[in-house]
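K.L.:
Would you mind keeping the following structure in view while I ask a few things?
The values are calculated or read from the model by the stated rules, or taken from the named source; none is laboratory data. The model shown is predicted, which means the values in this text are computed figures rather than measured ones. Quick reminder, even Gly has a Cβ in these numbers, built from the backbone with ideal geometry, and neighbours come from all protein chains shown. Calculation scope for accessible area: heavy atoms of the full protein, side chains included, ligands and nucleic acids excluded. Shrake-Rupley method; radii C 1.70, N 1.55, O 1.52, S 1.80 Å.
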Amino acid sequence: MLFRGKRERKLGDSVAVQLEGVTKRFGDVRAVDNVSLEVRDGEFFSLLGPSGCGKTTLLRMIAGFETPDEGRILIGGKDMTDVPPYLRPVNTVFQSYALFPHMNVEQNIAFGLRMKRMPKEEIARRVAWALELVNLSGFEKRRPDQMSGGQRQRVALARALVNEPEVLLLDEPLSALDLKLRQELRVDLMNLQERLGITFIFVTHDQEEALVMSDRIAVMNRGRIEQLGPTEEIYELPKTAFVARFIGDSNLIPAKAIEPRKVRTSLGDFVLDDDDALIPGQEVLLSIRPEKIRLFRERPSLPNVFRAKVDDIIYTGSENLYILLADGQRLMCETLNHDIQEPGHEEFDYDEEVWVALTPEKLVVIQEEGHA
Amino acid sequence: MKRILSFHAGLVFAFLYLPILVIVALSFNQSRFGVRFTGFTLEWYARLFSNERILEYLTNTLIVAVVSTAVSTVLGTLLAVGLVRYEFRLKNALRYLLYVPVVVPDVVMGISLLLLFDVVRDAIGWPRLSLFTIILAHISFQIAYVTLVVRARLVLLDPTLEEAAKDLGATSWQTFREVTLPLIMPGVMAGALLAFSLSLDDFVITFFTAGSGSTTLPLYIYSSVKLGIRPEIHALSTLMVGVTVLVILLGVLFWKKR
Amino acid sequence: MREAATPAQRLRRVLLTVGPGAFWLVLFVLIPTLIVLVVSLMSRGSLGQPVPPFGLHNYVRFFSDPLFLEIIGRSLWIGLWSTLLVILLGYPLAFYIAQSRYKEVLLLLVVIPFFTNFLIRVYAWIVVFQKEGLLNAFITAFGLPPAELLPSTLAVYVATVYTYLPFFVLPLYAAVERIDWSLLEAAYDLGARPVRAFFEAIFPQTLPGLLAGFLLVFIPAVGTFVIADLLGGGKVTLVGNLIQLQFGSAQNWAFGSAASMVLMAMVLLGLWLYARTQGERGLDRLV
Ligand SMILES: Nc1ncnc2c1ncn2[C@@H]1O[C@H](COP(=O)(O)OP(=O)(O)OP(=O)(O)O)[C@@H](O)[C@H]1O
Ligand SMILES: [Mg+2]
């Protein structure tokens with residue numbers, strides 16, 4: 001998995017968008033439930049979560065299309081909770097693009113500048129710049145319905161960016177495109193964001209997209225933020241079972257603390273290497289990523305070792321995915337498809353009995369009440 | 001089955017067109033009475049055009065139709081936008097009020113406006129029954145039709161387009177002018193056309209709200225018909241049917257081109 | 001959707017859009033209707049104008065006089081039968097048009113009378129029914145004595161059906177156009193015979209259009225006074241004529257208002273029944 005966070009990124013210290021206890025109800029549904037967060041200047045910030053978790057609603061409140069029932073929204077340090085959308089220094093790339101069907105590409109892009117009563121020559125200059133930016137020079141006179149999905153997406157992007165917003169809001173801008181185009185545009189979007197230094201708030205339900213593109217991610221579930229942090233942290237250290245399950249694949253093992261750094265599971269007693277000490281008797285969940293599990297033919301002299309049987313093998317080219325059974329519990333284990341057969345990287349067969357080792361540093365403890 | 005259907009259709013179309021064709025034919029008939037065709041003449045048309053009052057009635061009719069359509073189209077379009085896009089108290093009451101002019105019989109609407117004008121005139125000595133009161137009355141029923149027609153178009157309009165406009169810095173008014181209005185224009189035009197033809201066609205409500213000197217063509221036709229059959233009325237009717245057909249055909253051609 | 005805005009901005013927006021139209025409707029629709037209600041409770045002044053005392057006397061008079069009850073009955077009766085005749089003529093026609101190769105032309109042929117001036121359409125029947133008219137020309141051609149066809153109930157029926165036929169065909173045609181014919185095949189497939197299959201598979205699909213068309217004909221047919229006035233002259237009195245008379249030569253606005261309220265109540269009753277089965281979308285079909 002490639003993370004955005006691994007690259008060198010310098011972010012401003014000032015806060016671009018700040019939400020304080022924002023709640024939005026639709027009838028009985030709490031679409032957004034007491035959300036507080038800060039998005040920093042120049043950051044690529046993602047709102048990630050399953051369908052219906054309230055991402056769009058949250059974004060619409062930042063844009064000004066919905067009013068929160070409770071809480072405040074600050075943009076660039078100013079309270080904008082009741083400020084109408086046209087006075088906010090943010091622009092939106094809509095999921096459906098929302099290009100004006102009665103205007104051509106040029107007119108669409110010029111719209112925001114025209115509303116600001118910018119001089120004609122200045123508008124023309126900036127529109128040309130924006131078209132160049134998204135590689136659509138020459139398409140000025142096309143109508144939206146004469147363009148492909150990817151081209152429309154880029155027009156929508158240019159139409160928003162040409163206004164030089166402080167914050168760009170993107171609601172699943174890539175979801176309507178096919179996989180290949182999506183992957184290309186990911187890179188384009190990241191480069192654009194870096195070049196222009198504009199804060200992006202990016203809504204997606206695609207965890208891979210979020211992991212690849214974002215500096216930080218807020219994982220949402222049922223209107224609440226489950227976890228907010230730098231991309232790597234979200235992946236490596238899920239704080240809730242929901243996050244562990246939703247981001248990538250995770251093996252979750254119920255456990256009970258018997259010592260501050262030792263737990264008992266049906267697979268055996270495991271030692272942990274966690275900063276937070278546990279209270280003996282506490283029920284927790286252990287989470288470990290499939291690629292962090294190591295398999296051995298001979299019993300290795302490592303901590304946290306137990307026996308399991310290979311139940312199924314899925315070859316995905318560069319990786320082997322083993323489905324293991326141990327005491328009725330299914331575990332996923334991913335190993336690279338090496339030629340070298342050294343301990344921990346061997347290849348196994350169906351029904352083979354193997355030794356499983358869970359490295360203490362890679363075992364993430366999820367302390368969640370009534371782990372869902 | 002097909003044969004029965006087409007026979008039936010033939011009869012119904014004959015029923016629909018026979019009376020109209022009789023009038024058209026008689027308008028060119030020399031004989032003043034009866035339906036025997038005694039020879040071709042344009043005399044009745046000549047008499048019609050020599051009647052200067054007719055021109056006045058036509059002008060009255062058109063003034064009423066144009067002014068009332070203009071006002072009701074503006075008010076009705078705004079009303080539709082507000083009803084579809086905004087929430088406010090008494091919205092439901094307003095929605096039901098909107099159906100009243102559509103479903104209440106013309107006579108009732110006519111006398112209710114007559115009473116209103118009478119009550120107001122008793123109080124402040126104004127307005128006299130005139131073209132002005134006819135226009136007020138026509139707007140009152142047209143507004144409902146325009147609103148309902150425009151609203152039907154408006155609910156099909158993707159609201160994110162308007163949001164996109166506001167997102168790009170357009171105020172509510174700019175959004176309406178630049179995005180909403182151009183996109184619902186076909187609905188607005190349809191509403192205006194309907195309002196215009198309703199005004200031209202209206203007799204009953206005009207009848208109760210017209211005063212002396214504000215005779216419109218339908219009022220003239222009614223009073224003439226009360227006096228008995230006159231070939232000039234055949235001629236006038238023929239002309240009006242002709243204009244109707246012409247306008248409809250032009251409308252169809254225009255619509256097909258687009 | 002509830003866009004961010006201060007309460008003042010919100011109020012301004014509503015006032016600017018809904019305000020003028022709502023004001024107009026209140027002033028020229030709601031208030032006049034209330035005036036009619038109030039006047040219907042008043043008495044006739046020496047000049048015909050409504051004056052106190054207030055009371056239900058106009059309604060008492062209306063419902064205790066068999067003459068007026070007969071007028072109500074006749075209006076409903078003629079309205080109902082005309083509407084049924086319209087359906088009889090219009091329902092198959094809509095199907096014929098929808099299946100015809102020339103449907104655009106045929107539709108146009110329905111639209112032309114629809115937009116032809118109402119008075120001209122009524123007038124045309126005078127020409128047909130009058131003593132020296134088309135019908136009598138036929139009758140006398142067979143050597144029979146000319147008939148007195150005007151004024152007559154027959155003429156009122158014919159002209160009512162004629163006038164409102166296009167009102168029915170157009171909405172019904174819209175419903176027929178949307179019919180899902182595969183249901184008919186499904187019905188055949190399940191062993192239904194043609195007539196049965198039609199009533200099971202097709203008729204229900206046309207029902208909303210049929211009901212809307214019914215009201216579009218019934219309401220004006222019950223409320224008309226022009227047709228009965230010109231073709232039934234004195235012989236056929238409907239509620240509409242009664243109202244016109246009270247506001248015209250009889251000079252009894254209070255009683256005329258009461259008659260209007262009765263007519264309105266009849267219409268609203270029909271509408272209420274309709275709205276209960278068809279909902280608000282049904283009301284939209286009436287435009
Ligand atoms: N205008 C509205 N009226 C009523 N309920 C709404 C409205 N908008 C959203 N909701 C509800 O609020 C919840 C959150 O919706 P939202 O659109 O924010 O989800 P989302 O995370 O964007 O989902 P998706 O990934 O499917 O776009 C859902 O339960 C939805 O049904
Ligand atoms: Mg969404």
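K.L.:
Please work out the Cα convex hull volume for the range A:122-164 and give it in Å³ per residue.
P.N.:
That works out to 64 Å³ per residue.
K.L.:
Rounded to the nearest 0.05, what FRET efficiency do B:Lys257 and B:Phe49 have when you use their Cβ-Cβ distance and R0 = 35 Å?
P.N.:
Efficiency at R0 = 35 Å is approximately 0.55.
K.L.:
By Kyte-Doolittle mean hydropathy of at least -0.5 and Cα axial length of at least 24 Å, which whole DSSP H helices of chain C are selected?
P.N.:
Span-like helices here: C:7-25, C:66-99, C:153-177, C:203-223, C:253-284.
K.L.:
How far apart, in nm, are the 7 Å Cα→Cβ label points at A:Glu208 and B:Leu246?
P.N.:
Each label point is offset 7 Å from its Cα along the Cβ direction, giving 6.8 nm.
K.L.:
Provide the packing ranking of A:96-104, A:159-167, i.e. peptides ordered by the mean count of other C-beta atoms within 10 Å per residue, highest first.
P.N.:
So the peptides A:96-104, A:159-167, ranked by packing, come out A:159-167, A:96-104.
K.L.:
Summing -39500 (n - 2.57) over the DSSP H runs of n ≥ 4 in chain A and dividing by its residue number, what mean residue ellipticity at 222 nm do you reach, to the nearest 500 deg cm²/dmol?
P.N.:
Value at 222 nm, helices only: -6500 deg cm²/dmol.
K.L.:
Further, regarding this structure: Semi-axes, largest first, in whole Å: what does sqrt of 5 times each Cα gyration tensor eigenvalue give for the range B:126-181?
P.N.:
Ellipsoid half-lengths, sorted descending, are 35, 15, 6 Å.
K.L.:
Restricting to Cα atoms and excluding each atom paired with itself, what does the Kirkwood estimate give for chain C in Å?
P.N.:
Hydrodynamic radius (Kirkwood, Cα pairs) of chain C is 22.4 Å.
K.L.:
Still on this structure: Specify the angular offset, from 0 to 90 degrees and rounded to the nearest 10, of the alpha carbon long axis of helix A:149-161 from the longest principal axis of the alpha carbons in chain A.
P.N.:
The answer is roughly 70 degrees.
K.L.:
May I pose another question? Please pull out the direction-averaged projected area of chain A, using the convex hull of its alpha-carbon atoms, in nm² to one decimal place.
P.N.:
Seen from a random direction, the Cα hull of chain A projects 22.1 nm² on average.
K.L.:
List residues of the range A:221-242, by number, whose backbone nitrogen lies under 18 Å from a label position 7 Å along Cα→C-beta of A:Asn34.
P.N.:
A:221-228, A:240
K.L.:
Per the 1.4 Å probe, what fraction of the accessible area of the protein assembly as shown, in percent, lies on carbon and sulfur atoms?
P.N.:
Carbon plus sulfur share of accessible area: 60 percent.
K.L.:
Within 10 Å of each Cβ in B:117-129, how many Cβ atoms from other chains are there, averaged over the peptide?
P.N.:
Per residue, the average neighbour count from other chains is 1.
K.L.:
Follow-up. For the Cα atoms of chain A, what angle does the longest principal axis make with the long axis of helix A:120-133, in degrees from 0 to 90, nearest 10?
P.N.:
20
K.L.:
As a check on your grasp of the helix formula, calculate [θ] at 222 nm for chain B: sum -39500 (n - 2.57) over DSSP H runs of n ≥ 4, divide by the residue count, round to the nearest 500.
P.N.:
-26000 deg cm²/dmol
K.L.:
Let me ask another. Over the range C:127-247, how many percent of alpha carbon pairs lie in each 5 Å bin up to the one with the longest distance?
P.N.:
2, 10, 14, 12, 11, 11, 10, 9, 9, 7, 4, 1, 0
K.L.:
Something else about it: Output needed: percent of Cα pairs per 5 Å distance bin for the range C:99-176, bins running from 0 to the one holding the longest distance.
P.N.:
3, 14, 19, 17, 14, 12, 10, 7, 2, 0
K.L.:
Hey, rough spin-label estimate for B:Leu58 and A:Lys141, points 7 angstrom out along Cα→Cβ, what's it come to in nanometres?
P.N.:
4.5
K.L.:
Still on this model: For the range A:245-305, what's the radius of gyration and Dmax over Cα atoms, in angstrom?
P.N.:
Here Rg and the maximum Cα pair distance are 12.5, 35 Å.
K.L.:
With a cap of 11 neighbouring Cβ atoms within 10 Å, and only residues DSSP puts in a loop, list the GluC sites (Glu not before Pro) found in the range A:224-307.
P.N.:
A:Glu298
K.L.:
List the DSSP H helices in chain B whose Cα atoms stretch 24 Å or more along the helix axis and whose mean Kyte-Doolittle hydropathy is at least 1.6.
P.N.:
Passing helices, by number: B:2-26, B:106-124, B:181-201.
K.L.:
For n ≥ 4 DSSP H runs only, could you compute -39500 (n - 2.57) per run for chain C, divide by its residues and tell me the 222 nm figure to the nearest 500?
P.N.:
Taken over chain C, the calculation gives -24000 deg cm²/dmol.
K.L.:
Let me ask another. So how do B:Trp126, C:Trp181 rank on accessible area, 1.4 Å probe, biggest first, that is with the largest at the start?
P.N.:
Highest to lowest solvent-accessible surface, that is B:Trp126, C:Trp181.
K.L.:
Between B:Glu87 and B:Met189, how high is the FRET efficiency from 1/(1 + (r/R0)^6) when r is the Cβ-Cβ distance and R₀ = 30 Å? Nearest 0.05.
P.N.:
Computed FRET efficiency for B:Glu87 and B:Met189 comes out at 0.60.
K.L.:
Which value does Rg/Rh take for the range B:163-232 over its C-alpha atoms, Rh per Kirkwood?
P.N.:
On the Cα set of the range B:163-232, Rg over Rh gives 1.36.
K.L.:
I'd like the Karplus ³J(HN,Hα) series for the range A:94-106: coefficients 6.51, -1.76, 1.60, θ = phi - 60°, whole numbers in Hz, and an x wherever there's a Gly or Pro.
P.N.:
7, 4, 8, 6, 6, 6, 6, x, 9, 10, 7, 4, 4
K.L.:
For A:Lys309, which lysines qualify as cross-link partners when the Cα separation must be under 19 Å and same-chain residues fewer than eight apart are set aside?
P.N.:
Correct list for A:Lys309: A:Lys292.
K.L.:
Something else now. Can you list, bin by bin at 10 Å, the percent of alpha carbon pairs in the range B:1-82, starting at 0?
P.N.:
14, 19, 22, 23, 18, 3, 0
K.L.:
At 0.36 nm per residue, minus the direct Cα-Cα distance, what do A:Arg299 and A:Ala176 gain on full extension? Give it in nm, one decimal, please.
P.N.:
Once the chain is fully extended between A:Arg299 and A:Ala176, it gains 39.4 nm.
K.L.:
Follow-up question, since we're still on this one. I'd like the per residue volume of the convex hull spanned by the Cα atoms of the protein assembly as shown, given in cubic angstrom.
P.N.:
Enclosed volume per residue, from the Cα hull, is 261 Å³.
K.L.:
Moving on. Against the empirical 2.2 N^0.38 Å scaling, what ratio does the C-alpha Rg of the range B:52-212 come to?
P.N.:
Rg over 2.2 N^0.38 Å, computed on Cα atoms: 1.18.
K.L.:
How large is the translational diffusion coefficient of the range B:208-258 in µm² per second when you combine the Kirkwood radius over alpha carbon pairs with Stokes-Einstein at 10 °C and 1.306 mPa s?
P.N.:
121
K.L.:
If you don't mind, there's one more thing I want to ask. Taking the convex hull of the alpha carbon atoms in the range A:249-366, what volume per residue do you get, in Å³?
P.N.:
95
K.L.:
Same structure again: Mind giving me the FRET efficiency for C:Ala265 and C:Asp180? R0 is 35 Å, r the Cβ-Cβ distance, nearest 0.05 is fine.
P.N.:
So, using R0 = 35 Å, E works out to roughly 0.35.
K.L.:
For the range B:169-258, run through the chymotrypsin sites (Phe, Trp or Tyr not before Pro) and keep only the ones in DSSP coil with at most 16 other Cβ atoms within 10 Å of their Cβ.
P.N.:
none
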